[in-house]
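The values are calculated or read from the model by the stated rules, or taken from the named source; none is laboratory data. In this text the structure is predicted, and so the values were computed from the model without any measurement. For neighbour counting, all protein chains shown are included, and Cβ atoms are generated from backbone atoms with ideal geometry for every residue, glycine included. Areas reflect the complete protein model, heavy atoms only, side chains present, ligands, DNA and RNA absent. Shrake-Rupley method; radii C 1.70, N 1.55, O 1.52, S 1.80 Å.
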Amino acid sequence: MSIGISETVPGLRPRLRLLNGFDLQQGGHHLVLRPASERLLAFLALADKSIERATVAYRLWPDKPEGRAIANLRSALWRIRQLAADLIEATTTHIRLHPAVWVDARDGLAELKHHDPETLCDEVEGMALQGELLPDWYDDWLLTERERLRQLRLHALEEAVRVLIDRDRLSAAIDLGLRAVAMEPLRESSHRLVIRAHLCEGNRAEAIRQYQACAHLLQEELGVPPSTQMTALLAL
């Protein structure tokens, strides 16, 4: 059953999940929207800023004449307001997602950056590191957003690995480093962190094995050797 925000627990933030599919909740209730309104909310959530109405209309309905696209935008906005008045902030020229709405692909990653790396490996499965951004949607504007999210995740993981190495938490560092490698096998910086952690443990054979795995992937997939930064780790 759908329910308006004003009818739920006062002050509780709406929660918009975009990873593994669209889901909008308030106070434990699912808020049901039509596809056009879902796309409008998702677009504004990922933009995370105020945008001109004409720009939003063009991005969401690029194959429609300008007048039809603007009409579609007005209709999607109207349906959102019928459900809950405080999901969107709008002026006559600009619209944005209301700042009170929590978004997993934005706020979840921000929380991840401040998470203690020593417990991250135990809780990673339930955090913003997991899941594909709106996997069943094929809108062109999502391509850049998916890549941006992938880069944010990888940098968050790698930064956590660096902190763990500095704290001499080498087993946890290797665990998270290998997660980063699995997420993007051709990303050399993740392999280098795993090699560093193995060397700090005194496991040179493991470090060489990781180097060889990376070198093989780079040669097979890209036809390039490891970088000088990589070979310098093992003085090769």
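A few comments on the model shown:
Yes/no matrix, rows are residues, columns are (1) open to solvent by less than 40 Å² (accessible area, probe 1.4 Å); (2) farther than 21 Å from residue 133 by Cβ:
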{"position": "57", "(1), (2)": "yes, yes"}
{"position": "60", "(1), (2)": "yes, no"}
{"position": "64", "(1), (2)": "no, yes"}
{"position": "83", "(1), (2)": "yes, yes"}
{"position": "94", "(1), (2)": "no, yes"}
{"position": "102", "(1), (2)": "yes, no"}
{"position": "108", "(1), (2)": "yes, no"}
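- Test result for residue 212, assigned to a helix (DSSP H, G or I), more than 21 Å from residue 234 (Cα to Cα) and open to solvent by 20 Å² or more (accessible area, probe 1.4 Å): no
- Candidates are the residues of segment 21-49 that are at pLDDT below 90 and out of contact with any strand residue (DSSP E or B) (no Cβ under 9 Å at 6 or more places or on another chain); the one that is least open to solvent (accessible area, probe 1.4 Å) is 27.
- Residue within segment 121-132 that is open to solvent by 30 Å² or more (accessible area, probe 1.4 Å), closer than 30 Å to residue 176 by Cβ, under 17 Å from the mean Cα position of the chain (by Cα) and modelled with pLDDT of 80 or more present: yes
- All told, residue 220 falls short of being within 12 Å of residue 154 (Cα to Cα) and of a type outside the set (Val, Ile, Thr).
- Total residues in segment 140-177, condition in contact with a strand residue (DSSP E or B) (Cβ under 6 Å, 6 or more places away or on another chain) and open to solvent by less than 20 Å² (accessible area, probe 1.4 Å): 1
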